[in-house]
1. Can you find a residue in segment 92-105 that is in contact with a Leu (Cβ under 8 Å, 6 or more places away or on another chain), at positive phi and at pLDDT 95 or above?
2. What number goes with the only condition from (1) modelled with pLDDT under 95; (2) crowded, with 20+ Cβ neighbours inside 10 Å; (3) of a type outside the set (V, I, T); (4) more than 15 Å from the ligand (Cβ to nearest atom) that P130 does not pass?
3. Take segment 223-266 and flag every residue that is of a type in the set (S, T, Y), near the ligand (Cβ under 9 Å from one of its atoms) and surrounded by 24 or more Cβ atoms within 10 Å (Cβ to Cβ).
4. So is V271 crowded, with 19+ Cβ neighbours inside 10 Å, out of contact with any strand residue (DSSP E or B) (no Cβ under 8 Å at 6 or more places or on another chain) and not small (G, A, S) or not?
5. Condition first: away from the ligand (no atom under 16 Å from the Cβ), charged (D, E, K, R), free of Cβ contacts under 8 Å to residues at least 60 places away in the same chain and not in a loop (DSSP other than H, G, I, E, B). Can you find one or more residues in segment 97-109 that meet it?
6. Please indicate, with yes or no, whether at least one residue in segment 150-157 is under 30 Å from I335 (Cβ atoms), surrounded by 22 or more Cβ atoms within 10 Å (Cβ to Cβ) and in contact with a Gly (Cβ under 9 Å, 6 or more places away or on another chain).
7. I want to confirm something. Restricting to segment 158-173 and keeping residues that are in contact with a helix residue (DSSP H, G or I) (Cβ under 7 Å, 6 or more places away or on another chain), closer than 27 Å to L331 by Cβ and not β-branched (V, I, T), which single residue is surrounded by the most Cβ atoms within 10 Å (Cβ to Cβ)?
8. Looking for whichever is away from the ligand (no atom under 16 Å from the Cβ), over 22 Å from the mean Cα position of the chain (by Cα) and modelled with pLDDT of 95 or more here; the options are G67, G73. Which one fits?
Amino acid sequence: MKQPTLNYNVILDDLSGEKAFQYISRARELASKGFNVISFGVGQPDIPTPQFLVDEGKKALDERFTGYTETEGIKELRDAVAEYLNTRYGSDVRSDEVVITAGTKGAAYLAMAAYLKPSDEIIVTDPTYPVYSELSKFLGARPVYAPLKWLGEESGFSLDIDAIHELITNKTKGIAIVNPHNPTGAVFSSREVEKLMDLARDYNLLIIADEIYDNFLYEGADFKSFISFPDWRDHVLYCNGFSKTFSMTGWRLGYLVARREVTKALTKLAVNTWSCPPSIAQKVGIKALRSDWSFVREMVSLFDKRRITLCRELKRIKGFEVWCGKGAFYLFPRISKILEAAGLGVETFVTNLMEEKHVVVLPGTAFPKEFGKDFIRFSYAISEEKIVEGVKRIREFVEEITSK
Ligand SMILES: Cc1ncc(COP(=O)(O)O)c(C=O)c1O
């Protein structure tokens, strides 16, 4: 008989962890052995949290702002979030419609846990940031994958609204959508966003909108936030956070915006799960939102330069089909021709590249489900120098495996 401690919920074995973390830990291992590892794997800015925010954190510590706070987050931060969203998106969010969470993942968890029950279905894109498929599985619901359209090097990726429409059944609870999109770097256009919202209205669905990359937009990307719809309260659960915009991944600070009835109910789940979001990070969050945002502007313009460099360099590799992306800090080139010529699956390609050339990229399959098998994900949150050197090694690797 199994010991009771081994008798954990079988659903856990069915979840795919965030594979990014597995590859990144292998990269760390290689680096600790002295190899010069270049990692395009990381999903966080390489620029550290700016000094003025670190100082604010120190001040909060010195003032011993180290106890529990309100479960929904301190009022001043909720005010600042509402103010920010309303200024930026012309919305009408009130402070009591904001719940501060431990990271955007905390917001995603609350949103999904509030609604999903066993046998419900939720439509997610394929590829998707894994949290949305995996958390729905954990809650007993079924993720239904809607493959994106690959439009080629000129136009990149788009939603397939007709396919999404066809996937709607009487079990569909909602649609989870990340925009700007991880892993493709796509920004789904305002037209696509409006069409999704129309589907939500027509079929009485939720939209779980993760807009954590909404400050990373390039080439005048046509971005529309779900929080900007006048009827957002009827459909939208809005998830965002500080990790990427202010380079605060380890501070664990995010927020969920939902209508008042929901935030009130969710506070009961939050208090029983984590009591409150990190106290010190909340003080830092206020400072960040009320800053002049020059840090963010400078970081995004630096990332834009890197995006162009990475795209240009990758296009020089025979067999790479590369679209330069419009948002976030990822490129998702298609490499099916190379995989075919080398007789490799994408995960073996990535593993061999890491072991032989010490370059880390993520296999598209880390973002379930089928779609990613022809793609690899690059993060360009690394220096231009490393981008150029990393792509040079990839080119060598590709030449070696395709000439065998
Ligand atoms: C789409 C998306 N949502 C959420 C997160 C997690 O954010 P946080 O650190 O705020 O939990 C990430 C991190 O990579 C992400 O890409």
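The values are calculated or read from the model by the stated rules, or taken from the named source; none is laboratory data. Please read these numbers as outputs of a predicted model, since none were measured by experiment. Backbone-built Cβ (ideal geometry, glycine too); neighbour counts: all protein chains shown.
1. yes
2. Looking at each condition in turn, P130 falls short on (4).
3. none
4. For V271, the condition - crowded, with 19+ Cβ neighbours inside 10 Å, out of contact with any strand residue (DSSP E or B) (no Cβ under 8 Å at 6 or more places or on another chain) and not small (G, A, S) - is not met.
5. No: zero hits.
6. yes
7. L159
8. After ruling out the rest, the residue left standing is G67.
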